[in-house]
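Just below is one structure, and these are the notes that go with it.
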């Protein structure tokens with residue numbers, strides 16, 4: 001069977017933000033008394049040192065600095081993190097390095113400095129260009145700041161910029177959703193993430209749900225917006241659109257079931273050992289605990305081995321999000337399983353017109369993509 005990939009990615013989590021958004025279920029904390037940039041960077045560097053041996057003889061393909069709001073940190077702090085990463089893991093000119101930025105923290109000098117220290121891709125959390133909708137989402141920025149952030153990023157020299165947009169917002173109609181998309185496309189940043197607002201557990205919106213558009217209206221919004229986006233960018237994943245050569249290499253690694261290490265409070269990692277055993281782990285969530293324990297094994301918040309019976313579902317949950325789908329060889333390479341074990345399921349989904357077969361590759365049909373959760377659930381292990 002083909003050996004697994006020798007590439008991996010690094011996720012770096014910076015947990016603080018100015019204000020926690022009511023829909024956010026990420027490990028994020030408002031910038032208050034426990035905020036200490038220097039101590040946290042020191043902890044990240046210690047944490048990184050314990051990860052080196054897990055990726056011996058592998059090549060770092062991407063770095064993603066997420067949060068929270070990483071752009072709260074100074075360029076000097078981000079530079080320290082990147083220097084430590086280069087020393088420990090090696091960064092080359094091909095390594096994609098993404099930093100998440102909030103429009104409310106955009107500053108011309110800071111963006112220029114980020115670019116100068118090696119950040120080569122920005123992901124800007126716009127969410128909407130409509131002030132009324134931004135207020136309902138609890139965002140700390142307004143439309144003017146969103147426009148300003150994009151313009152500053154482009155002037156700073158970034159030619160790889162992702163814009164995050166949401167639809168299905170409280171009080172939003174189809175034309176307003178289209179207006180957001182058209183405004184985002186007008187900047188020609190090369191990448192757009194366009195996803196529906198969902199009410200996740202452990203969020204304020206889940207406890208106190210806002211009035212959202214009804215399902216039929218949300219569907220019509222999605223179709224109308226996708227039609228607009230398709231005129232400018234190529235959809236390569238359920239919520240991701242890109243110009244030629246602008247796909248997110250970091251996110252592609254997730255969707256292609258690749259390995260990654262995670263440092264930072266609550267950061268997750270996925271590793272495959274030489275025997276093909278796949279494990280997932282995560283770090284302590286609270287910043288104060290993480291800072292105290294970084295560099296020791298006690299910083300691990302938990303770990304589990306992915307069981308053989310769970311691997312088909314785990315792989316398909318990611319790979320079928322991609323418009324290109326997957327090949328049988330890739331499935332076997334990443335899961336270390338023979339595809340004959342899932343052949344009956346694949347045949348059944350082809351017969352149901354949820355999957356399309358092309359030689360030794362499979363991808364969702366339009367119907368399979370529209371009902372992706374139902375399609376993927378066919379791979380759940382039988383009890």
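The values are calculated or read from the model by the stated rules, or taken from the named source; none is laboratory data. Keep in mind that what you see is a predicted model, and the values were worked out from it rather than measured. Please note: Cβ atoms are built from the backbone with ideal geometry, for glycine as well, and neighbour counts cover all protein chains shown.
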Residue 323 being surrounded by fewer than 16 Cβ atoms within 10 Å (Cβ to Cβ), closer than 21 Å to residue 236 by Cβ and touching a strand residue (DSSP E or B) at 6+ places or on another chain (Cβ under 6 Å): yes
Of all residues being more than 20 Å from residue 64 (Cα to Cα) and outside any strand (DSSP E or B) in region 264-285, which is modelled with the highest pLDDT? Just the residue, please. 277
Test for residue 116: is it closer than 22 Å to residue 78 by Cβ and touching a helix residue (DSSP H, G or I) at 6+ places or on another chain (Cβ under 7 Å): no
Is one or more of the residues making up region 193-200 more than 21 Å from the chain's Cα centre (by Cα) and in the same structural domain as residue 237 (by TED's automatic domain parsing)? no
Pick out, from region 102-175, the helices (runs of 4 or more DSSP H) lying fully within it that include 2 or more residues that are under 23 Å from residue 199 (Cα atoms) and assigned by TED's automatic domain parsing to the domain that holds residue 239. 131-136
Considering region 188-202 alone, what residues qualify as being at pLDDT 95 or above, surrounded by 17 or more Cβ atoms within 10 Å (Cβ to Cβ) and part of a loop (DSSP other than H, G, I, E, B)? 189
Criterion (at pLDDT 95 or above and within 17 Å of residue 59 (Cβ to Cβ)) met by exactly one of 293, 252: 252
Just one listed residue, out of 236, 206, is on the phi < 0 side of the Ramachandran plot and either modelled with pLDDT of 95 or more or assigned to a strand (DSSP E or B) (or both), and it is 236
Kindly list the number of the only condition in (1) outside any strand (DSSP E or B); (2) touching a helix residue (DSSP H, G or I) at 6+ places or on another chain (Cβ under 6 Å); (3) closer than 20 Å to residue 270 by Cα; (4) modelled with pLDDT of 95 or more that fails for residue 43. (3)
Among the residues of region 294-343, write down those that are assigned to a helix (DSSP H, G or I), touching a residue at least 24 places away in the same chain (Cβ under 8 Å) and farther than 26 Å from residue 247 by Cβ. 297, 299, 308, 309, 310, 341, 342
